[in-house]
Amino acid sequence: MKIDKFKVEDWFNKYESKAVYDLADTCVESLSIDELFDIAGNKEKCLEEIFQKKLNYGDIHGSARLKNAVCSLYKAQKPQNITITHGTIGANQLVMLSLIERGDKVVSVIPTYQQHYSIPKSIGAEVKLYYLQEKNNWLPDLEELEKLVGNDTKIICMNNPNNPTGSVIPDEMLQKIVSIARKSNSYILCDEVYRGLAHSEPDFNTSIADIYEKGISTGSTSKVFSLAGLRLGWVAAPIEVINEINHQREYNTISVGILDDYFGSIAIENKDRIIKRNIFKILQGKEVLDDWLQSESHVHCVLPKCGTTAFVGYDMNISSVELCKKLQKDTGVMILPGKTMEYDKYLRIGYSKNTDRLKTALDMFSQWIRDNF
């Protein structure tokens, strides 16, 4: 199977290890195992349970404890609607391998994670891209979206909250997207990996799986729970879809790690404490970012409402790829070029780690702009 180069991951592979200031990262500062146990408040009990665990395959589709914990993130999902995967990246791939065949029609809303259009294309599907626009606050124009969704559309792919813009589709608009999908009997695959990191109440925006009979939600412990190292994700979907996915996952997953399952269960059971910690860090960084945006005349941005990244446009006469290459070479500041997400003249900036380093890096970026433009 031939598939396009994964532009975002390829960029990280080339430049991340050389970065002095990494503003391309999408995670809040990761939790250590010690911090996770402190949050859970029962370190001795957790350690005892870990030391007694045998390192076998564990529960093939995820432990009952973990699946019940995942259900707590939704309003209408039961354990039989859940299967556990290797991160959201594994969840998205399994959905597509299970549902999409050569010749199927797919509509993908971008910017988004490249999986949502490159995997269907590699299978032989006909993929139509719908481009979100800054002038619409990175929300879909439903009339334009509907024009792309035909009677034979198999699946609509999107992510909500959006990566990289941080936009969140309002409930009324989400219901209208469901109505568009129903007309063609399409599935909706919604990558919800940032769901839970809303910058104001409620933390968890409405999930597509809770409002649409053919809605498929994917998520993980990576962003919301600051545990990317677990490589633990899930699919929430109708039972018949879960059955197809479980059939497919026998060929590439078998089970997730037994310790990953255990740590993930603890994290989700303590979601309120972890999310409170992460939102505090996100809002600190967002304030620094907002101050910089107000002071830098060459950039423009719709402030994100959720998640850990902003999509920043600029007016300098240089491509985003060349800008990011030169900026990192001259200053050590790493930013992700929008071209890796099919949008030139934009930059994805992560703002959710160390605020002092964030401020320093943004100040260096501004000085670099003054020196070069």
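The values are calculated or read from the model by the stated rules, or taken from the named source; none is laboratory data. Given the structure is predicted, the values throughout are model-derived calculations rather than measurements. Glycine also receives a Cβ, built like all others from the backbone with ideal geometry; neighbour counts cover every protein chain displayed. Quick note on the areas: whole protein, heavy atoms, side chains included, nothing else; ligands and nucleic acids left out. Shrake-Rupley method; radii C 1.70, N 1.55, O 1.52, S 1.80 Å.
Numbers below:
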{"read-out": "The chain: calculated mean residue ellipticity at 222 nm from DSSP helix runs of at least 4, using -39500 (n - 2.57)", "value": "-13000 deg cm²/dmol"}
{"read-out": "DSSP-loop chymotrypsin sites (Phe, Trp or Tyr not before Pro) across the stretch 239-347, with at most 15 other Cβ within 10 angstrom", "value": "Y251"}
{"read-out": "Cβ charges +1 (Lys, Arg) and -1 (Asp, Glu), total dipole of the stretch 89-196, debye", "value": "220 debye"}
{"read-out": "Longest exposed-site-free window of the chain, the sites being trypsin sites (Lys or Arg not before Pro) in a DSSP loop that have at most 15 other C-beta atoms within 10 Å", "value": "103-373"}
{"read-out": "Selected from L31, S118, M158, residue furthest toward positive end of dipole (the chain; charges at beta carbon)", "value": "S118"}
{"read-out": "Beta bridges per DSSP with both ends in the chain, % antiparallel, nearest 5", "value": "45 percent"}
{"read-out": "Phi to ³J(HN,Hα) by Karplus 6.51 cos²θ - 1.76 cosθ + 1.60 over the stretch 290-306, Hz, x for Gly, Pro", "value": "4, 4, 5, 4, 5, 8, 9, 6, 8, 10, 8, 6, 8, 4, x, 9, 7"}
{"read-out": "In Hz, Karplus ³J(HN,Hα) per residue of the stretch 20-35 (6.51, -1.76, 1.60; θ = phi - 60°; x = Gly, Pro)", "value": "8, 10, 9, 9, 9, 5, 10, 9, 6, 3, 5, 7, 7, 4, 4, 5"}
{"read-out": "Number of Lys pairs (Cα under 28 Å; 8 or more positions apart or on different chains) in the stretch 1-77", "value": "13"}
{"read-out": "Potential extension, L283-I50 segment - 0.36 nm per residue separation minus Cα distance", "value": "80.5 nm"}
{"read-out": "Carbon/sulfur fraction of accessible area - the stretch 78-184, other protein chains in place, 1.4 Å, %", "value": "46 percent"}
{"read-out": "Length gained when the stretch E213-E172 is fully extended (0.36 nm per residue, less Cα-Cα span)", "value": "13.1 nm"}
{"read-out": "Simple label model, 7 Å out from Cα along Cβ direction - E101 to K75, nm", "value": "3.5 nm"}
{"read-out": "For N159, residues with placed amide H under 5 Å, excluding near neighbours", "value": "D191"}
{"read-out": "Restricting the stretch 210-314 to GluC sites (Glu not before Pro) in coil, as DSSP defines it, with at most 16 other Cβ within 10 Å", "value": "E213, E250"}
{"read-out": "Selection of GluC sites (Glu not before Pro), the stretch 10-40, meeting DSSP coil and at most 12 other Cβ within 10 Å", "value": "none"}
{"read-out": "Charge context of D10, other residues only, Cβ under 15 angstrom, K/R +1, D/E -1", "value": "+3"}
{"read-out": "Those aspartates and glutamates that a straight Cα-Cα span of less than 19 Å connects to K176, excepting residues fewer than 8 apart in one chain", "value": "D141, E143, E144, E146, D152, D191, E192, D210, E213"}
{"read-out": "Three-way shape call for the stretch 173-309 based on the alpha-carbon gyration tensor, with the a/c threshold at 1.5", "value": "oblate"}
{"read-out": "Dipole-positive endmost among I369, T355, V107 within the chain (Cβ charges, Cα centre)", "value": "V107"}
{"read-out": "Rounded, prolate or oblate (a/c below 1.5 giving rounded, otherwise prolate when a/b exceeds b/c) for the stretch 203-254 by Cα gyration tensor", "value": "oblate"}
{"read-out": "Cα gyration tensor category, rounded, prolate or oblate, for the stretch 1-71 with a/c compared to 1.5", "value": "oblate"}
{"read-out": "FRET efficiency for E240 and L129, using Cβ-Cβ distance with R0 set to 41 Å, rounded to 0.05", "value": "0.90"}
